[in-house]
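Values in this text are rule-based calculations from the coordinates and carry no lab data. Note that the structure is a prediction, hence the values are computed from the model and not measured. Note that we place each Cβ from the backbone using ideal geometry, even for glycine, and neighbour counts take in every protein chain shown.
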Amino acid sequence: QVQLVESGGGLVQAGGSLRLSCVPSVSLFRLNAVGWYRQAPGKQRELVALSPRIGATNYADFVEGRFTLIMDIAVNTVYLRMDSLKPEDTSVYYCYGKTGPDDYWGQGTQVTVSS
C-alpha cells in the first residue's frame with residue numbers, strides 16, 4: 001500500500017503561481033509513474049502531468065507550458081509548479097502514483113484561482 005500526501009493548494013489571483021507537493025510513503029524509485037490529475041465540480045478527473053520512470057513527462061494540452069512536474073529524489077518529493085494560473089485551473093488536484101498494476105491517489109488539495 002502506497003500513501004501519497006499532498007500540500008500546497010490555496011487561493012491565488014489569476015496570473016499568479018503555486019507549487020503543489022506530494023510525498024509518497026515509498027521511494028520514488030519504486031513508482032513506475034508519478035503525476036498529477038485534477039477534478040473540478042461536475043467534471044471528470046483529468047490528467048495534468050504524468051511522468052513515467054523512463055521517458056519524458058506528458059502534459060495535458062491545457063497546460064500550454066505553464067506547469068512543470070519536478071521530481072526531487074533527495075527529499076523524495078514530487079512537485080507541480082504552476083505559473084500563469086487561470087480561473088479555469090480552479091480544481092482539486094490529486095497526486096497519482098503507480099506500482100505494477102496498482103494505482104494510488106492522494107487525498108487532493110484545492111486550488112482556487114480568482115479573476
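Among residues other than GLN110 whose Cβ falls under 11 Å from its Cβ, what is the net charge (Lys/Arg +1, Asp/Glu -1)?
So the surrounding residues net to 0.
Using θ = phi - 60° and the Karplus curve 6.51 cos²θ - 1.76 cosθ + 1.60, what whole-Hz ³J(HN,Hα) does each residue of region 44-59 get, with Gly and Pro shown as x?
6, 5, 10, 5, 9, 7, 9, 10, x, 4, 10, x, 7, 6, 9, 10
Would you mind working out the magnitude of the charge dipole of the chain relative to its Cα centre, with +1 at each Lys and Arg C-beta and -1 at each Asp and Glu C-beta, to the nearest 20 Debye? Walk me through the numbers before you get to the answer.
Working: 10 positive and 10 negative charges, 24 e Å.
With Lys and Arg at +1 and Asp and Glu at -1, about 120 debye.
Tell me, in nm to one decimal, what length is gained between GLN1 and GLN110 on full extension, where the rule is 0.36 nm per residue of separation less the Cα-Cα distance?
Net length gain for the segment: 36.8 nm.
Could you calculate the contour length gain from GLN44 to ALA14, that is, 0.36 nm times the residue separation minus the distance between their Cα atoms, to one decimal place in nm?
Length gained, GLN44 through ALA14: 8.5 nm.
What is the set of long-range amide H partners of GLY108 at a cut-off below 5 Å, with H atoms built 1.01 Å from backbone N?
So GLY108 has HN proximity to GLU6, CYS95.
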